[in-house]
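Only one structure is covered here, and it is reproduced in the block below.
The values are calculated or read from the model by the stated rules, or taken from the named source; none is laboratory data. All figures in this text were calculated on a predicted structure; none of them were measured in a lab. Please note: Cβ atoms are built from the backbone with ideal geometry, for glycine as well, and neighbour counts cover all protein chains shown. Heavy atoms of the whole protein, side chains included, go into the accessibility calculation; ligands, DNA and RNA do not. Shrake-Rupley method; radii C 1.70, N 1.55, O 1.52, S 1.80 Å.
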Amino acid sequence: MSLFIGMMSGTSLDGVDGVLVDFWAGSARTMATHHLPYPPELLDELRALQAASDNELEREALAGNGIARVYAACAAALLEQSGMQAADVRAIGAHGQTIRHRPELGFTRQTINGALLAELTGIDAIVDFRSRDVAAGGQGAPLVPAAHHALFGAQGKTRVLANIGGIGNISVLQAGGHVIGFDTGPGNVLIDEWTRLHLGKPYDADGAWAASGQELPHLLAVLLSDPYFALAPPKSTGRDLFHLDWLRACLAGFSSAAPADVAATLTRLTAASLAQAIRAHAPETDALYVCGGGAFNGTLLRMLAEELGQRVNVETTAALGADPSHVEALCWAWLAWRFDDRKAGNLPSVTGARGERVLGALYPR
């Protein structure tokens, strides 16, 4: 066996998804999965750290310690579930929590204390996967297309995988083996923030609230007028751009809009921006596979199907044998496996880096 743990905490800030994977003879066998939410006080601090604030250095360091402890607890649960021991695992690929993503300024920041994670688990911890790509002139994101290609590519077929977490991104796995990918714009981040603001809930379960509203075409046009959507790839984005203040600015001329109608329009924004990207960069696509939290939003999936038309079959990655909740964590296990073998984890055609690079920084057990 060749066991690796992958753990991911995305822009939705909903906690940590973990997988234990056996990479053996060219295959990837998932042996255990687990999810742990962030403790409320850590979640509040991570939300605060998304914007400039006082005493950031100390507060980020303490948050990194807290994240390492949640990751360590997730790793322990994976081992218990699988019956494996820490000594059986080659390494943990740990994403950490993005608090800044500014590749145009030459940096990206995913908070986690890798040394503490290695200390708590007794397993090699590989962290900070994005920085090496940024140092090579890339966006540092998305990184999942390389893993998507290795794990889900099919000779002679063009597939698109859409990861809809806080931010949406696509991996275009072309029939000839070429891969492109980029962040399409908001995934769940604006829907979640709007739901939290008006319903006091962390997300719109199954898109039920959005389904109760009426879409506002003029508001959708304003939202889609943001320059990001017209940028050519490679490109990436995050909460640095798409946040509640951005939405409030877009709503300036829509003060009488009902909150449910705005929710419906935000859900359509995610679907429309994804579909727009697929039509522009993968017009030959006949199948779209969705993973991430968006895969569980029935209203969003319906809107995606409407946007793409009958020619494109819209399914979740469950159709490929992969739990939509854990595909990103699986990709981080794959990146750790690549690092362990000192093989490149990025695709320059996706990130815009000057070449292939081994990604990550190691904290030995």
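Here are the numbers:
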{"read-out": "For region 161-175, Karplus couplings with θ = phi - 60° (6.51, -1.76, 1.60), whole Hz, Gly/Pro x", "value": "9, 10, 8, 10, x, x, 10, x, 9, 10, 10, 9, 9, 6, 4"}
{"read-out": "Set of lysines near Lys343 by C-alpha distance (under 24 Å), chain-local residues within fewer than 8 positions excluded", "value": "Lys235"}
{"read-out": "Nearest 10 degrees, 0 to 90: helix 327-340 Cα axis against the chain principal axis", "value": "40"}
{"read-out": "Paired Rg and Dmax values of region 6-48, which use every Cα atom, in angstrom", "value": "13.9, 44"}
{"read-out": "Additional length obtainable on full extension of the chain from Ser225 to Ala86, 0.36 nm per residue less Cα span", "value": "45.1 nm"}
{"read-out": "Check: region 239-358 dipole with +1 on Lys, Arg Cβ and -1 on Asp, Glu Cβ, in debye", "value": "280"}
{"read-out": "Per-residue ³J(HN,Hα) for region 84-94, Karplus 6.51 cos²θ - 1.76 cosθ + 1.60, θ = phi - 60°, Hz, x for Gly and Pro", "value": "8, 10, 4, 5, 7, 9, 5, 6, 9, x, 10"}
{"read-out": "Trypsin sites (Lys or Arg not before Pro) restricted to DSSP loop in region 1-109 with at most 11 other C-beta within 10 Å", "value": "none"}
{"read-out": "Inter-label distance for Lys201 and Phe107, nm, one decimal - labels placed 7 Å from Cα along Cα-to-Cβ", "value": "3.9"}
{"read-out": "Accessible carbon and sulfur surface of region 40-112 relative to its total accessible area, %, 1.4 Å", "value": "52"}
{"read-out": "Charge dipole (the chain, unit charges on Cβ, about Cα centre) - positive-most of Gln110, Ala275, Ser256", "value": "Ala275"}
{"read-out": "Cβ charges +1 (Lys, Arg) and -1 (Asp, Glu), total dipole of region 85-159, debye", "value": "360"}
{"read-out": "The chain - percent relative contact order, Cα under 8 Å, separation 6 or more", "value": "22"}
{"read-out": "Full-stretch length increase - Ala52, Asp341 - with 0.36 nm per residue and alpha-carbon distance subtracted", "value": "100.3 nm"}
{"read-out": "Furthest towards positive pole of dipole, Pro348, Ala208, Ala51, structure part the chain, Cβ charges", "value": "Pro348"}
{"read-out": "GNM top mover of Asp128, Asp340, Asp88 - the chain, alpha-carbon springs below 10 Å", "value": "Asp88"}
{"read-out": "Heavy-atom accessible area ranking, 1.4 Å probe, most first, across His101, His243", "value": "His243, His101"}
{"read-out": "Derived scalar couplings ³J(HN,Hα) [region 315-322; Karplus, 6.51 cos²θ - 1.76 cosθ + 1.60; whole Hz; x for Gly, Pro]", "value": "9, 9, 5, 4, 5, 9, x, 10"}
{"read-out": "Amide H contacts under 5 Å for Phe107, placed H, 5+ residues apart", "value": "Arg102"}
{"read-out": "Stretch gain in nm, segment Ala257-Ala280, where the contour uses 0.36 nm per residue and the Cα spacing is subtracted", "value": "5.2 nm"}
{"read-out": "Rounded to the nearest 10 Å², the accessible area of Asp226 at probe 1.4 Å", "value": "20"}
{"read-out": "Inter-centroid distance (Cα atoms) of region 34-81 relative to region 127-157, Å", "value": "24"}
{"read-out": "Amide H partners (placed H, <5 Å) of Thr184, local residues excluded", "value": "Gly168, Asn169, Ile170"}
{"read-out": "Column: log10 I(q)/I(0), Debye, Cα scatterers of the chain, q = 0.13 Å⁻¹", "value": "-1.01"}
{"read-out": "Nitroxide proxy distance, nm - points 7 Å out along Cα→Cβ at Arg354 and Ala154", "value": "3.9"}
{"read-out": "5 angstrom amide H check on Val290, placed H, neighbours 5+ away", "value": "Ala162, Glu315, Thr316, Thr317"}
{"read-out": "Per residue, in Å², the accessible surface of the chain once ligands and nucleic acids are set aside, probe 1.4 Å", "value": "40"}
{"read-out": "Charged-residue dipole, Cβ positions (Lys, Arg, Asp, Glu), the chain about Cα centre, Debye nearest 20", "value": "800"}
